[in-house]
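Asker: One structure coming up, written as structure tokens, with questions to follow.
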Amino acid sequence: MARVPLLQLNDISLTFGGDPVFDGLSLVVHPGDRVALVGRNGSGKSTLMKVMAGLVEPDAGEVVSGPGVSVGYMEQDPDLSGFATLGDFAAHGLEPSEMYLVERAGEGLKFDPARPVETASGGERRRAALARLMAGSPDLMLLDEPTNHLDIEAIAWLESELSQSRKGYIIISHDRAFLRALTRATLWVDRGVVRRQEKGFADFEVWRDQVWEEEDTQRHKLNRKIKAEARWAVEGISARRKRNQGRVRALQDLRAARAAQITRQGTAAMALDAGPKSGRKVIEATAIAKSFGDKAILKPFSLTVQRGDRIALVGPNGVGKTTLLNMLIGREAPDSGTVKLGTNLQIALFDQARAQLDPDMSLWDSLTGDPEMRVSGKADQVMVRGAPKHVVGYLKEFLFDEAQARAPVRALSGGEKARLLLARIMARPSNLLVLDEPTNDLDVETLDLIQELLGTYDGTVLLVSHDRDFLDRVAATTIAMEGDGHATVYAGGWSDYIRQRGQDDFADSVAKPKASAPPDKPRAAAKPGLSFTEKHRLDALPEEIARLEAEIAKLAELLGDPALFTDNPVKFQKATDALVARQAKLAAAEEEWLTLEDKASA
């Protein structure tokens, strides 16, 4: 017996005054479907979800839901006007006897139903919207970035609830681990085309790369054919003009086909300049402590941060991660204890509230108004890593178009605000990068690029995140803040931290946090073998070694010119310094590879 679809989109077309967002789109959502909706920032994911929810009317086509099917939508910016408390909003549409569902969701998602709407933060409003959706239990749940502003415990609760649910759902999320755990099919929005694969997000990137490889091959063949036909048109048409007009028209059709192809959006041209080296000891915190009233945020805690460390802070919302971060970088004083910052530090801060961005300023003014980016006497240029660049040109490197340059920051999506803040941070050298919730709203491709940049960054990184996959890929040390002021240091990323606590099951590990071990109780020795971070590093080293060898060969060839020293001594010295630096990096990379190989085979 055929299943009745929950939702069906038939030949949907939608345009917002420019190129079509969708054209002739058709898709079906069946009962029990667990779908990841993925695509670049700005590709139309949220718009497609709003079409499914009936909040955006398509220009053509129809949206049909099955008989008696209820569709629930959790949006990124919920409207709570008309409700006194978060609980009133979350319980809307429920019977009084069902209020326990809101209280249960409130406990799992960590929001207070009695909180007045006017004093609630953006994160609390989003959690109330998610609780409303979960309590209502519609047949089809449409979830737009549900893990934003959730801590790892709340993500675990939501992951558990959705995994046990028999309802259908479609999820937009940047959280790879969340999507891998929950989805069995993938909808990919790419340049107005929506493709579907009956495999979950775990297989998405392989599928995407295969599609793009086939696309590149077809484009290459088309270009070769156009080139051959164009040569024939110039050299051979004169003697057979009348007989071969069809071939000329075919050439015109080929050119039209190439012009109609929509180029893939590239990745942002991000770069990090570590600038001058800091001292070897970056931060030394000794017995620092902090309390707010009777609540202990941090009991005496000591930490030494060395140059090049990658340290992540994890723990529930409100436990004090940002407070500890601010104490470590000198923005907030501890109640007791001392923090000594190393020499020659240049700090770049990415704050989770994006407070460095004025919502009423334009993108242009956000860059030119930054004193550290201003170019004297040049109103249309900004200083980027020591060199002047045109404002619009620099914005384009971060995937903004010229029309957005004079638009206000408040008009940007969450992902676009994150990219604008990254543009400001990356314009100037830094050797201590402080990232407080950097992954919110960013697409998979941008996250990949950030992870790659952090992997080659010569400076030190302090990181706060609830994204388990990102933590595993970036962090070499994890500081777990588990409540009651305790902070414990673990080697490795998120998965290593969970293993060292002796808890392989993620949900159990966050739902039932253990108290930190007493100081006099030794921890169990770590198991032999490579951690997740070490495996990732071992896989990346051969490519890094090959790149360094290629750079050394080019520099050696340049220095082989006997006239270089006399003709351009400054260039000679720079090339010599670069060669010495890369040879040192190569030796270190080879040594690291040998060490990891020995450990892997032990």
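The values are calculated or read from the model by the stated rules, or taken from the named source; none is laboratory data. Note that the structure is a prediction, hence the values are computed from the model and not measured. Don't worry about glycine lacking a Cβ; one is built from the backbone with ideal geometry, like all the others, and counts go over all protein chains shown.
Asker: Applying the selection to region 334-358, what residues are out of contact with any strand residue (DSSP E or B) (no Cβ under 8 Å at 6 or more places or on another chain) and surrounded by fewer than 18 Cβ atoms within 10 Å (Cβ to Cβ)?
Answerer: T343, N344, A353, A355, D358
Asker: Of the conditions (1) over 23 Å from K417 (Cα atoms); (2) touching a residue at least 40 places away in the same chain (Cβ under 8 Å); (3) out of contact with any helix residue (DSSP H, G or I) (no Cβ under 9 Å at 6 or more places or on another chain), T322 satisfies every one except a single condition; which number is it?
Answerer: Single failed check for T322: (1).
Asker: Considering F301, F292, which residue is out of contact with any helix residue (DSSP H, G or I) (no Cβ under 7 Å at 6 or more places or on another chain), without any contact (Cβ under 8 Å) to a residue 12 or more places away in the chain, more than 24 Å from M426 (Cα to Cα) and among the hydrophobic types (A, V, I, L, M, F, W, C)?
Answerer: Numbers: F301 fails: without any contact (Cβ under 8 Å) to a residue 12 or more places away in the chain.
Of F301, F292, the one residue that is out of contact with any helix residue (DSSP H, G or I) (no Cβ under 7 Å at 6 or more places or on another chain), without any contact (Cβ under 8 Å) to a residue 12 or more places away in the chain, more than 24 Å from M426 (Cα to Cα) and among the hydrophobic types (A, V, I, L, M, F, W, C) is F292.
Residue-by-condition table, conditions (1) at pLDDT below 85; (2) under 25 Å from the mean Cα position of the chain (by Cα):
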| position | (1), (2) |
| --- | --- |
| D443 | yes, yes |
| F470 | no, yes |
| I498 | no, yes |
| P522 | yes, no |
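Asker: Still on this model: Would you pick out the residues in region 271-327 that are surrounded by fewer than 18 Cβ atoms within 10 Å (Cβ to Cβ) and among the aromatic types (F, W, Y)?
Answerer: F292
Asker: Might you check whether a residue that is part of a loop (DSSP other than H, G, I, E, B), of a type outside the set (D, E, K, R), modelled with pLDDT of 70 or more and more than 19 Å from F301 (Cα to Cα) occurs anywhere in region 504-517? Please lay out each step first, then the result.
Answerer: At the first step, the residues of region 504-517 found to be part of a loop (DSSP other than H, G, I, E, B) are 504-505, 512-517.
Filter once more, keeping what is of a type outside the set (D, E, K, R): 513, 515-517.
Adding the requirement that they be modelled with pLDDT of 70 or more leaves none.
No, because not a single residue in region 504-517 is part of a loop (DSSP other than H, G, I, E, B), of a type outside the set (D, E, K, R), modelled with pLDDT of 70 or more and more than 19 Å from F301 (Cα to Cα).
Asker: Hey, among the residues in region 413-441 that are in a loop (DSSP other than H, G, I, E, B) and under 16 Å from the mean Cα position of the chain (by Cα), which one's farthest from D401 (Cα to Cα)?
Answerer: E437
Here is a yes/no grid of residues against (1) surrounded by fewer than 22 Cβ atoms within 10 Å (Cβ to Cβ); (2) of a type in the set (D, E); (3) in contact with a strand residue (DSSP E or B) (Cβ under 9 Å, 6 or more places away or on another chain); (4) within 18 Å of G93 (Cβ to Cβ):
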position	(1), (2), (3), (4)
R104	yes, no, no, yes
E107	yes, yes, no, no
D112	yes, yes, yes, no
G123	yes, no, no, no
A154	no, no, no, no
E161	yes, yes, no, no
K167	yes, no, yes, yes
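Asker: Another question, then. Looking at region 174-205, which of its residues are among the polar types (S, T, N, Q) and either crowded, with 22+ Cβ neighbours inside 10 Å or not assigned by TED's automatic domain parsing to the domain that holds A53 (or both)?
Answerer: T183, T186
Asker: Can you tell which of N344, N326 is touching a Ser or Thr at 6+ places or on another chain (Cβ under 7 Å) and under 30 Å from R280 (Cβ atoms)?
Answerer: The unique qualifying residue is N344.
Asker: Test G61 against the criterion of being touching a residue at least 12 places away in the same chain (Cβ under 8 Å) and more than 22 Å from T147 (Cα to Cα), and give yes or no.
Answerer: yes
Asker: Determine, yes or no, whether G108 is farther than 22 Å from R166 by Cβ and not hydrophobic (A, V, I, L, M, F, W, C).
Answerer: Criteria not met by G108.
Asker: So, one more: Just a yes or no: is a residue in region 447-467 in a strand (DSSP E or B), farther than 25 Å from M426 by Cβ, hydrophobic (A, V, I, L, M, F, W, C) and modelled with pLDDT of 75 or more?
Answerer: No, region 447-467 has no match at all.
Asker: Out of the residues in region 48-94 meeting the condition of being in a loop (DSSP other than H, G, I, E, B) and of a type in the set (D, E), tell me which one is surrounded by the most Cβ atoms within 10 Å (Cβ to Cβ). Steps first, answer last, please.
Answerer: Taking region 48-94 as the starting set, the residues that turn out to be in a loop (DSSP other than H, G, I, E, B) are 54-59, 66-70, 75-84, 91-94.
Within this subset, residues satisfying the condition of being of a type in the set (D, E) are 57, 59, 75, 77, 79.
Details: E57: 9, D59: 13, E75: 18, D77: 10, D79: 10.
Here the answer is E75.
Asker: Here is a follow-up. State which residue pairs qualify: first residue over 19 Å from G308 (Cβ atoms) and inside region 461-478, second residue among the aromatic types (F, W, Y) and crowded, with 23+ Cβ neighbours inside 10 Å in any location, beta carbons under 8 Å apart, and separation of 6 or more residues or different chains.
Answerer: The qualifying pairs are R468/W494.
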